[in-house]
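The values are calculated or read from the model by the stated rules, or taken from the named source; none is laboratory data. Note that the structure is predicted; figures quoted are calculated from it, not measured. Quick reminder, even Gly has a Cβ in these numbers, built from the backbone with ideal geometry, and neighbours come from all protein chains shown.
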Amino acid sequence: MTTRRRPGLRVDALPSRLLAVVALLIAWRQLGGPAAVGYLAEGLLAGFLVLSWPRLSAMARLLLVACGVTTLLALWRLDSPWAALHEAAASFAFLAAFMSTLALLRLPAYRSRLIRRCGQSLLMQPPTWRYPLLSLGSTLFGIVLNFGVLNLFVSMIEKANTLGAAQGQAWVQQARRRRMLLATLRGFTLAPLVSPLGIGVAVVLGNLPDLAWRELFPYVLAAATLLFLLGWGCDQLAGPRPARSAVVASRPSLLPLLHFSLLLSALMGLVFVLAGWLSLRLPQAVLLGVPLGAWLWLVWQCRRLGAGGTLPAGVVIGRHLPGLLGGIGNEVVALGAGAYLGYLSVALMDPNQLAGLASLLVTLGSWLPLLALLLIVVLAQVGVNPIISVTFLTSMVSQVELPGISVPLLAAAMLAGWSLTMVSSPFTAAMMIMSRFTGMSAGRIGLHWNGVFLAASLLTAALVLRLVS
C-alpha cells in the first residue's frame, strides 16, 4: 500500500527558496532598507548553508569548516567580535545574492534561439579565430556581468555543440567543447585583471592608497594581453585539427554574434542606468539590473503567449527558479566564504605583527613581484582564496617603503596571480561552475585541461618580471 505524500513545500526546494529570499532582502537593504533586513538575510543564509550541506562538494564543506573555525577564533581573540562577524556575514550574504541574480540569466539563455544561432556561428568558424572571439567576448562582458557571462556562454556552447554539428564525429564534438570552454574560462578570468570595477582591483587600490588606477592600468593591460596571447597559442598547439575534407567550406555569418552583443550591451546599459539613477555602486546595480533584464528577456520570448508575455515569464521563473538556485550552492560558498575569511583574517591581524612581516618584504628586493605572484597561485591550490592572500600582501606592502620596487608592477603581478588562480585552483567559483557544466572535477580541469597554459604563464611571468625588475 503506497503512502500519499502530504502537499506542502518539498525539503529539497527549501534551500533554493531561502536563497531567493536572501537575494530579495539584500536588494532591499542595498536600496536603503533597515538594518534588520540585513540581519534577517544573514540568518536565512545560515539556514541555506545548513540545509545545503549534504549537497555541497567536499571543497565547499572544507571552506565552511574554515569559516566556522575562524568565527570561533574571532570570538576568542577580538574585543568586539560581533561587529566584525556582522560585516563578514554581510559580505557573504551580498555575494550569495550576487551569484543568485546572475544565475537568473540562464533561464532566458536556455530558451533563446539567438543563443543557438550564435553557438552555430562560433562552431563553424575556423578554430584559429574561434578562441579569440569567445575569449575577448567573455572578457568584455565579464567586466559587468561577472559570473553571469560563464552561465550565458557555457549555455550557448552546450546547446550548439551537438553531434550533428560535428558531422557525427564524437571526437570533434569533444575537442570543440573543451577548446570553447577553455576559451570562455580564460577570457573571463582576464576581466578582474583589467576592470576597475572588479573585486581584485578594488582590494589592491583600497589597501594601497598611494596607487592610482591610471598608474596601474598600463601594467594590467600588458599582463592581460600577454595572458590572452599565451592562451591563444596553447589553444592552437592543443588541437586536434580535423582533416581538410571535414572542414565546412562556407563560413556562417557573424550577424548573430552582433545581435548577441547588442543584447548584452542593452543589459549592461540597463545596469549602468540603474547605477546612475539610484546612485548605486556597480555591484549593487547588477543586483537589481540583471534580474530585471532576465525577466524582460523572458517577456520578449513569451510575448505571443498572452498578457504581453509578462505573466508567462513570471510562470517560467517560478517554475524553474528552485532547480536553478539549488544547483549553485558550491559557487555561492566558494565566493562568499572567500570574502568572509578575508574580512575576518584582516580583523584578526595584529598591526605590530603585520609591520614585522612587512619589513621582510624589503629584503626580497626586485624578486618581490614574482614571489608575490607565485605565492598567490600556490596558496590558491590549497584553498586560500586570492581575496585573503592579496589582502595580506597589500596590507604588508602599505606598512613599509620599498625602494627600487615599482608598486604598480607589484600590484599588477598580484592581480595576474589572482587571474591565474581562477583557471587553476579547484576552490574558485569559476572552476566550480565549469565543473558543474562539464561533469569533470574542478581539479582535473585546472591541472589536466589548463596545466600547460598555467605552466607557460608562470614561466613567461618569471622571465618578464625579472627583466622589468
Worksheet item: Which of (1) closer than 30 Å to R106 by Cβ; (2) part of a helix (DSSP H, G or I); (3) in contact with a helix residue (DSSP H, G or I) (Cβ under 6 Å, 6 or more places away or on another chain) is the odd one out, the single condition F427 does not satisfy?
Response: (2)
Response to the item:
Note on region 193-237: residues among the hydroxyl-bearing types (S, T, Y), assigned to a helix (DSSP H, G or I) and surrounded by 15 or more Cβ atoms within 10 Å (Cβ to Cβ) are Y219
Worksheet item: Can we say L321 is surrounded by fewer than 20 Cβ atoms within 10 Å (Cβ to Cβ) and closer than 30 Å to A58 by Cβ?
Response: yes
Worksheet item: Does Q381 qualify as being surrounded by fewer than 23 Cβ atoms within 10 Å (Cβ to Cβ), at pLDDT 80 or above and touching a Pro at 6+ places or on another chain (Cβ under 9 Å)?
Response: yes
Discussion item. Considering only residues that are surrounded by fewer than 24 Cβ atoms within 10 Å (Cβ to Cβ) and hydrophobic (A, V, I, L, M, F, W, C), which ones fall in region 435-444?
Written reply: F437, M440
